[in-house]
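Rule-based calculations on the coordinates, nothing more; no lab input. Computed from a predicted model, the values in this text were never measured in an experiment. When we count neighbours, we look across all protein chains shown, and the Cβ atoms used for this are built from the backbone with ideal geometry, even at glycine.
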Amino acid sequence: MQAFVTRRIPREGLAALSQAGVCSIQQWDSDEPIPRSELLAGVAGKHGLLCVLSDQIDKEVLDAAGSNLKTISTLSVGVDHLALEEIKKRGIRVGYTPDILTDATAELSVALLLATCRRLPESVEEVKNGGWTTWKPLWMCGYGLSGSTVGIIGLGRIGQAVARRLKPFGVKKFLYTGSRPKPENAVEFQAEFVPLAKLAEESDFVVVTCSLTPDTKGVCNKDFFSRMKKTSVFINTSRGAVVNQEDLYQALVSGQIAAAGLDVTTPEPLPTDHPLLSLKNCVILPHIGSATYATRSAMSVLAANNLLAGLKEESMPSELQL
Ligand code: NDP
Ligand code: DGY
């Protein structure tokens, strides 16, 4: 059997794949994304595909792969880059990497929240550019978590891990939204299930940790931001497309909300002349939620093992139920 790997991945994952003796491997061995034409050519006739979140695995790619393709393994927990309906129709199995990246992503979400609400990048810049002239009572003030209300959009694995880390900061109340109440997820934080509008209106911090689906696409829009308090902080570590970025920009410029921290944007990378990058009250990171050495290594091994299990028609360590 033959597998195609669309990117350079941690060596532990590649070793797991190559030492298994299950398939021969062809790889786009680069840190940079594979050009579309190379992807279409590389996948042709393959039985397995190991891809990353920036590869759009759509009908065209599946057609190019042909009927040999039986397993797709993505080096991510997010699966919004996969044409799931089309994949299901063709009887292709999908592996992904939940759980093992939850801690790293939650940790980054908290780091981004603190950096944003306490204005860390702006403060560091002031030290460097001479803006720090003396200690000033009214200078570089931000917002703290103590006594606050935190609203979490998507209280799944990462959402809960974020709440668990924020609770010791003295958060007074947690709110959450989702497709339905999840008391089993919420009980640890005594989190209250509320409509999205109420979450926007009552939260001092909004943290987006949901998956990107047709239902969540663009839900953080003009209406949502207009309901938020002027003193509230918005954090997104889910997917950029959950947010209408033009509406977010207007909310930040007009002072409708206090600040935003984004680990994910549309597009990625965000062009360096993008208006959001001109704002002091917007902290933007380059999609590094799961970027610890240990996590990326574990993700690569899990993705390799998912692929191998799929090729061997065995049960996968982490299979997405289609
Ligand atoms: P989970 O499946 O555990 O959680 C997803 C959550 O999204 C669920 O709680 C689900 O709630 C919620 N959700 C679905 N539809 C809606 C909706 N309409 N409104 C509000 N919430 C909704 O996934 P994970 O926590 O493991 O990962 C979440 C996402 O985080 C990934 O899909 C990925 O996009 C992103 N991610 C980003 C990373 C980064 O580097 N920044 C790293 C890792 C993940 P319900 O069950 O009620 O539908
Ligand atoms: C994911 O896994 O979906 C992240 O975005 C990258 O780890």
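What does the convex hull of the Cα atoms of the range 102-284 come to per residue, in Å³, rounded to a whole number? Walk me through the intermediate numbers first.
Working: hull volume 21.6 nm³, N = 183.
Normalising the Cα hull of the range 102-284 by residue number yields 118 Å³.
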Would you compute the Debye intensity of the range 226-291 from its alpha-carbon atoms alone, equal scatterers and no solvent, and pass along log10 I(q)/I(0) at q = 0.20, 0.27 Å⁻¹ to two decimals?
-0.75, -1.31
Jot down the radius of gyration and Dmax of the range 63-121, Cα atoms only, both in angstrom.
17.4, 53
Of Leu113, Leu277, Leu199, which has the largest mean-square fluctuation in a 10 Å C-alpha GNM of the chain?
Leu277
Given the options Met140, Met299, Met228, which has the most mean-square fluctuation in a GNM of the chain, springs set between C-alpha atoms less than 10 angstrom apart?
Met140
Pick out which of Tyr176, Tyr293, Tyr96 has the largest mean-square fluctuation in a Gaussian network model of the chain, springs linking Cα atoms closer than 10 Å.
Tyr293
Long-range share for the chain, i.e. C-alpha pairs more than 32 Å apart as a percent of all pairs, stands at 34
Using a Debye calculation, one point per C-alpha and no hydration shell, please list log10 I(q)/I(0) for the range 1-74 at q = 0.12, 0.16, 0.25, 0.28 Å⁻¹ in order.
-0.28, -0.50, -1.23, -1.49
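Which length gain, in nm to one decimal place, applies between Leu277 and Lys198 when the Cα-Cα distance is subtracted from 0.36 nm times their residue separation?
Working: separation 79, 0.36 × 79 = 28.44 nm, distance 2.91 nm.
Contour length minus the Cα-Cα distance gives 25.5 nm.
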How many percent of Cα pairs in the range 201-251 exceed 16 Å?
35
Students often get this wrong: which residues of the range 296-322 have the backbone nitrogen under 15 Å from the point 7 angstrom along Cα-to-C-beta of Lys182?
321
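Roughly what % of DSSP beta bridges within the chain run antiparallel, to the nearest 5?
Numbers: 1 of 39 bridges.
Antiparallel: roughly 5 percent of the beta bridges in the chain.
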The chain: relative contact order in percent, alpha carbon pairs under 8 Å with at least 6 residues between
21
Dividing the Cα radius of gyration by the Kirkwood radius, what Rg/Rh value follows for the range 112-161?
1.14
Which lysines have a Cα less than 27 Å from the Cα of Lys70, not counting those fewer than 8 places away in the same chain?
Lys46, Lys59, Lys88, Lys89, Lys312
Given Lys172/Lys198; Lys136/Lys173; Lys167/Lys280; Lys173/Lys230, which pairs have Cα atoms separated by over 24 Å?
Lys136/Lys173; Lys167/Lys280
Per-selection metrics, the range 1-133 (Cα): Rg and Dmax in Å
19.7, 67
Can you show me the helix-derived [θ] at 222 nm for the chain, built from DSSP H runs with n ≥ 4 at -39,500 (n - 2.57) apiece and divided by the number of residues, rounded to the nearest 500.
-10000 deg cm²/dmol
